[in-house]
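A quick write-up on the structure given underneath.
Laboratory data are not the source of any read-out in this text; all were calculated from the coordinates shown. A quick note: this is a predicted structure, and the numbers were derived from the prediction, not measured. As a convention, Cβ positions derive from the backbone with ideal geometry for all residues, glycine included, and neighbour counts pool all protein chains shown.
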Amino acid sequence: MEITGKVFVVTGASSGIGLAIARALTDIGGKVALLARSTDALTEIAASLPGSFAVTVDVTDFDALRKAIQSVNAHFGQIDGLINNAGRSYAAAIEEIDPEIFDEIFHLNVLAPIVAMQAVIPIMRAQGSGSIISVNSGTAFMTIPQYGVYSSSKRALLGFTQTARAELAADGIVVGEVYPGITATNFGKNRMGNPAGGGPAANYAAGDTPEYVAEITLTAIVEGGAQYYASDYIKKLAGA
Ligand SMILES: NC(=O)c1ccc[n+]([C@@H]2O[C@H](COP(=O)([O-])OP(=O)(O)OC[C@H]3O[C@@H](n4cnc5c(N)ncnc54)[C@H](OP(=O)(O)O)[C@@H]3O)[C@@H](O)[C@H]2O)c1
């Protein structure tokens with residue numbers, strides 16, 4: 001899908017990969033709706049991105065998420081793309097998993113992307129086209145001690161994203177996924193659970209830049225393929 005002149009909803013646009021995607025889309029003439037919980041950060045970012053529209057929302061509040069997407073449609077009069085990017089991790093061994101945090105992670109990483117898709121599908125169907133991208137994770141293809149909840153949430157996201165791709169193709173709505181590896185964002189800092197957990201220590205600062213992941217995401221939107229990987233290593237793990 002062409003990006004210039006199109007309207008994109010980006011969840012988790014207040015930092016890291018989502019922010020880099022919002023900037024990259026704006027740089028080539030896209031208009032972005034910035035969704036996240038941090039109002040101050042969003043206000044500052046919106047001021048630096050011409051034509052953008054900031055909506056403070058906790059995407060795990062599904063009514064609020066639906067209303068946020070309706071407000072984007074009311075503001076721009078169209079929604080051409082959805083980037084389901086907001087996400088968080090949780091380090092806990094199986095015997096330590098807190099069911100409430102499990103729920104929180106699955107609401108954020110799996111159910112919120114589904115609810116966001118449900119909100120944009122009728123709009124995109126009426127327009128006859130659309131692009132929906134899930135920001136997944138290379139961990140969807142890995143078994144990492146203490147990462148059971150996170151990696152399983154991303155495996156579930158993979159399943160729902162691929163199913164949506166099959167269901168929506170006939171409507172001209174193209175659904176795809178991007179698989180980052182370790183990326184230099186606040187992701188490690190924002191992880192819940194065991195501070196020392198999560199298997200081999202991930203050195204996030206030495207990871208890929210969020211701009212690199214944004215570039216792959218823009219390629220995914222333009223080309224419309226099913227899955228895009230940040231490295232050959234992840235691609236091989238995926239069996240692709
Ligand atoms: N960094 C990595 O190494 C890595 C690797 C593979 C995949 N990923 C995936 O990349 C995506 C983006 O992560 P990141 O690395 O950019 O991490 P990040 O810097 O921590 O950004 C996470 C974003 O999600 C938003 N968010 C979190 N909870 C939210 C909620 N309940 N409602 C609305 N927004 C919420 C945060 O904004 P607020 O706090 O303002 O709400 C923030 O904008 C995630 O899906 C993650 O799983 C990251």
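Odds and ends about this structure:
- When Ala119, Ala156, Ala126 are checked against the criterion of being within 15 Å of the chain's Cα centre (by Cα) and either part of a loop (DSSP other than H, G, I, E, B) or not β-branched (Val, Ile, Thr) (or both), Ala156 stands alone in meeting it.
- Condition met for Ser131 (touching a residue at least 60 places away in the same chain (Cβ under 8 Å), of a type in the set (Gly, Ala, Ser) and either under 17 Å from Val10 (Cα atoms) or surrounded by fewer than 21 Cβ atoms within 10 Å (Cβ to Cβ) (or both)): yes
- Residues of the range 155-183 that are within 7 Å of the ligand (Cβ to nearest atom) and either over 30 Å from Ala119 (Cα atoms) or surrounded by 19 or more Cβ atoms within 10 Å (Cβ to Cβ) (or both): Pro180, Ile182, Thr183.
- Candidates are the residues of the range 180-239 that are part of a helix (DSSP H, G or I) and of a type in the set (Lys, Arg); the one that is nearest to Asn85 (Cα to Cα) is Lys235.
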